[in-house]
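Inspection log for the structure reproduced underneath, given as structure tokens.
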Amino acid sequence: MSGDPRAWRRELETERAMKDEFMARHPESPFVAGRVPFHELVYFPPDPAFRVRATLERVSPPAEAFLRTNRDNQAVMRYLGDLAFELRGRSLRLRLYHAGEGVGTSVFVPFRDATSGKESYGAGRYLTLELNENDVYDLDFNRAFNPYCAYTDDFECSFPPAENDLPVGVRAGERVWAAERNPRTPSSALLARAPRRSVPAPRAHRARRAGARPARRPTGGAARPRRR
């Protein structure tokens with residue numbers, strides 16, 4: 001890609017510092033809104049090798065698409081076409097989506113890669129772009145970011161489709177924020193949210209407990225429901 005590498009790096013570092021400021025203090029931050037203790041977001045080191053030129057191969061007309069979410073719902077999108085590019089010597093493609101009214105010309109690319117569930121958020125990361133007329137884009141994976149559900153369950157996020165699982169490791173952009181909030185796959189994220197079903201005790205165990213007195217309820221008031 002053309003351009004001054006030093007200027008690109010400075011711009012990237014400024015964006016990351018501004019995002020930390022937003023996440024720590026802004027009322028619309030998932031940390032502030034969800035009352036989640038904040039610590040700085042974690043990134044791979046800037047690497048210009050993960051900044052590539054991509055060409056959008058449009059589908060005509062755009063197709064309706066449904067992306068599964070972390071609440072096991074379906075987010076309705078418009079599938080505009082595929083971004084074709086080369087990375088690490090391989091020809092790759094990613095599906096590009098428009099979220100509908102209210103986002104203007106902004107489009108997004110949800111994806112997973114070989115680092116997902118390990119060094120990066122297992123349910124996938126996002127890239128955003130602004131549509132242009134010539135359909136050629138600066139696809140900079142150093143700007144890949146986590147959806148809000150990587151930090152708190154208070155938000156609903158779309159998962160990447162299977163077609164957007166890259167067979168290479170993208171060691172660029174945002175890393176996993178917390179090890180305890182890093183599902184291995186999107187399905188793992190759904191299972192982590194699912195209510196646990198009680199398993200009936202074996203018959204002998206039930207018989208032993210049949211004459212037991214119920215445990216006393218602890219004092220101190222009822223537990224507060226978990227915030228959503």
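The values are calculated or read from the model by the stated rules, or taken from the named source; none is laboratory data. Just so you know, these numbers come straight off a predicted model, no measurement behind them. Note that each Cβ is placed from the backbone with ideal geometry, even for glycine, and that neighbours are counted across all protein chains shown.
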Review point. So which residues in the range 70-102 are under 30 Å from residue 49 (Cβ atoms) and aliphatic (A, V, I, L, M)?
Key: 77, 80, 83, 84, 87, 92, 94, 96, 99
Check your understanding: modelled with pLDDT of 95 or more, assigned to a helix (DSSP H, G or I) and either out of contact with any Gly (no Cβ under 8 Å at 6 or more places or on another chain) or exposed (fewer than 15 other Cβ atoms within 10 Å of the Cβ) (or both): does that describe residue 15?
Key -> yes
Practice item. Could you list, in sequence order, all residues of the range 89-147 that are over 15 Å from the mean Cα position of the chain (by Cα), β-branched (Val, Ile, Thr) and farther than 16 Å from residue 56 by Cβ? Key: 103
Point to revise | Residues of the range 133-147 classified as in a loop (DSSP other than H, G, I, E, B), more than 12 Å from residue 44 (Cβ to Cβ) and at pLDDT 95 or above, total | key: 4
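For the structure I just gave you, tell me whether residue 69 is polar (S, T, N, Q), within 17 Å of residue 162 (Cβ to Cβ) and touching an Asp or Glu at 6+ places or on another chain (Cβ under 8 Å).
yes
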Check your understanding: Does the range 148-163 include one or more residues that are more than 18 Å from residue 67 (Cα to Cα), of a type in the set (Asp, Glu), at pLDDT 95 or above and not in a loop (DSSP other than H, G, I, E, B)?
Key -> no
Study note, to complete from the structure: residue 142 passes all but one of the listed conditions (1) under 15 Å from residue 108 (Cβ atoms); (2) touching a residue at least 40 places away in the same chain (Cβ under 8 Å); the exception is number (1)
Check your understanding: In the range 84-124, how many are of a type in the set (S, T, N, Q) and either in a loop (DSSP other than H, G, I, E, B) or within 13 Å of residue 170 (Cα to Cα) (or both)?
Key -> 4
Revision key, fill the gap. A careful count of residues in the range 28-44 that are assigned to a helix (DSSP H, G or I), of a type in the set (A, V, I, L, M, F, W, C) and in contact with an Asp or Glu (Cβ under 7 Å, 6 or more places away or on another chain) gives 1
Revision key, fill the gap. Taking first residues from the range 67-78 that are in contact (Cβ under 8 Å) with a residue 12 or more places away in the chain and second residues anywhere that are outside any loop (DSSP other than H, G, I, E, B) and β-branched (Val, Ile, Thr), the pairs with Cβ under 8 Å that are 6 or more apart or on different chains are 75/69
Revision key, fill the gap. Counting only residues that are of a type in the set (A, V, I, L, M), surrounded by 12 or more Cβ atoms within 10 Å (Cβ to Cβ) and modelled with pLDDT under 95, the range 165-190 contains a total of 3
Revision key, fill the gap. Of the residues in the range 50-66, those that are touching a residue at least 24 places away in the same chain (Cβ under 8 Å) and not hydroxyl-bearing (Ser, Thr, Tyr) come to 50, 51, 52, 53, 54, 56, 57, 58, 62, 65
